[in-house]
Amino acid sequence: MRCLVWLMWFVTVIAATPAWGATANQDDVRYVGEYHGVHEYRLNNQLQILLKPDTAGTELAVNMIYHHGRKNERLGLRETTHVLEHYLVYRSMDKHKTDYPDLKFKGIGITASDFTYYRSRLENAVELISIIEMEKQRMSQFKDHLPYLQQAIDEVDKELTATHQDKIAQEYELMLKDIFRNEAYAVNPAGERADLQRITLQDIKQYWAEHYRPDRATLVIAGNFDLPGTLALITEQFSSLAVSQPDSKKFEYQKLPQYGEREFISRAHNAKPVVWVAYKVPPLNSPEFAVARMTSALIFPDTDTGIWQKTLLDAKKAESVGSYIFPFVHGSAFMLRIRLSTEKQLTELKKFLAQEEKNFALRVTDKMINAQKAELLDDLNKNEKSPKLFVERIASHVASGDWQSYYRLREQVEQLDAATYRQSVQHWFRPENRTLGIFIDPRDSQADQATPEKKTPARAK
């Protein structure tokens, strides 16, 4: 349970054998189709259901994904989503400790920019009935309980305090605010502690009523389970939930253009100089997102290609280079974190970046791309073998409204060649799409700007 930080919680429930032989009422559920072994259904209240059975394995995982996140929050109440997530988890924990004292399972809650989810790992399919009942209660019942609220606020405050003490997290926070200036993603991903004490029980109840509804949720189940029986169980529990909550205006993301190079300097770093280089890249479900993933692999110095290895690291022009992809539904971010030895290297680094933006794509060959495909595909394929990873990694694709992009990304990586790569990367790897964040220790700056040594006057002979 966290905002970008995992918190494990344990709940006990009692084993109960569901009617696996039952069939779903066709009036309540509609079969949408099947893609890569994932069966999609829709209930009459528009709850989306994604079922990926695998009777060859032993694992089982469930994820209830709500299509809202930090970008949906109001100014001054930036932690409503996060606090509500904790609040509902505490309530579920207490209820299941009372109702089901003998059955154990593990689960977590996650608050992200585009979604909130509640994921559970199960020992076996018998536990599904308890998990499904828990998710139904979380969606359909809100219990006023001030102690839960204070407990949630205190726990979130501890998480935010720890995150704000992380130097890299602080840098990332400032980068997001500048990359997505005046956009919904320009919020502190670690949260705003100042907002916590403003949040009331009425605030989270109103937010729950607006977002915790079947037409704004997707239930994902993967692993060893019986498909017809599980579908019948879900239909029985959720089809009776009407969309009775007051509807609200549909969230519309306003994407603003970047008209030129951006740069900011933070002189409170207390460490060696660090430069973040960021570019806005296509959203997660775009055909070009695979190019951003490939760029990260090509630049990262630990790979076989390591395009920047000799130029920056071997030549002692930088101490380290890290590359990161931050996928969002409405536009992602590709970032580099470069640590320098001294501030004097900054001028040379800027010249290097300007040159790379012109020539980088031209230097990429089919051989280099093929060398990275195996590693990228291996990482994507690992998700298929683990129900836990699958229900976790597909969440952002689900929130985009196009869960099949989860599989298309793998296909796009497989089909990528140098010509396609060059054409795409040149759209965003350019100075007018660049944001530069420079983090400098003030003491280094003072040392570089020290006055010249005074010459000792010559003594008269």
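The values are calculated or read from the model by the stated rules, or taken from the named source; none is laboratory data. Small disclaimer: the values here were computed from a predicted structure and weren't measured. With ideal geometry, Cβ positions are generated from the backbone for all residues, glycine too; neighbour counts draw on all protein chains shown. To get the accessible areas, we keep the full protein, side chains included, count just its heavy atoms, and leave off ligands, DNA and RNA. Shrake-Rupley method; radii C 1.70, N 1.55, O 1.52, S 1.80 Å.
Counted residue by residue at 0.36 nm each, then reduced by the alpha carbon distance between them, the extension gain from residue 198 to residue 158 reaches 12.8 nm.
Ordered from longest to shortest, the equivalent ellipsoid semi-axes for the range 45-186 are 30, 19, 15 Å, each the square root of 5 times a Cα gyration tensor eigenvalue. Compared with the alpha-carbon gap, the fully stretched path from residue 256 to residue 443 is longer by 63.6 nm at 0.36 nm per residue. Taking a Cβ cut-off of under 11 Å around residue 84, the surrounding Lys, Arg, Asp and Glu residues balance to a net charge of -2, with basic ones at +1 and acidic ones at -1.
Compactness ratio for the range 343-454: Cα radius of gyration over 2.2 N^0.38 Å (N = residue count) comes to 1.60.
Estimated translational diffusion coefficient (Stokes-Einstein, Kirkwood radius over Cα pairs, 37 °C, 0.692 mPa s) of the range 27-68: 278 µm² per second.
With the Cα gyration tensor of the range 191-330 giving a ≥ b ≥ c as the square roots of its eigenvalues, does the rule (a/c under 1.5 for rounded; else a/b larger than b/c for prolate; else oblate) give rounded, prolate or oblate? Note, shape of the range 191-330 comes out prolate.
What the Cα atoms of the range 329-374 give is an Rg and a Dmax of 14.7, 39 Å.
Once the gyration tensor of the Cα atoms in the range 115-195 is diagonalised, the equivalent ellipsoid follows with semi-axes of 32, 17, 14 Å, ordered largest first. Rolling a 1.4 Å probe across all protein chains gives residue 402 an accessible area of roughly 40 Å².
Residue-normalised convex hull volume from the C-alpha trace of the range 158-267: 212 Å³ per residue.
In this structure the range 247-389 gives 50 Å² per residue of accessible area when probed at 1.4 Å with all protein chains present.
Above 17 angstrom, tally the Cα pairs of the range 285-426 and express them as a % of all pairs, no decimals. Beyond 17 Å sits 64 percent of the P(r) for the range 285-426. Distant-in-sequence amide contacts of residue 54, defined by a placed amide H-H separation under 5 Å and a gap of 5 or more residues or a different chain, comprise 223, 224, 225.
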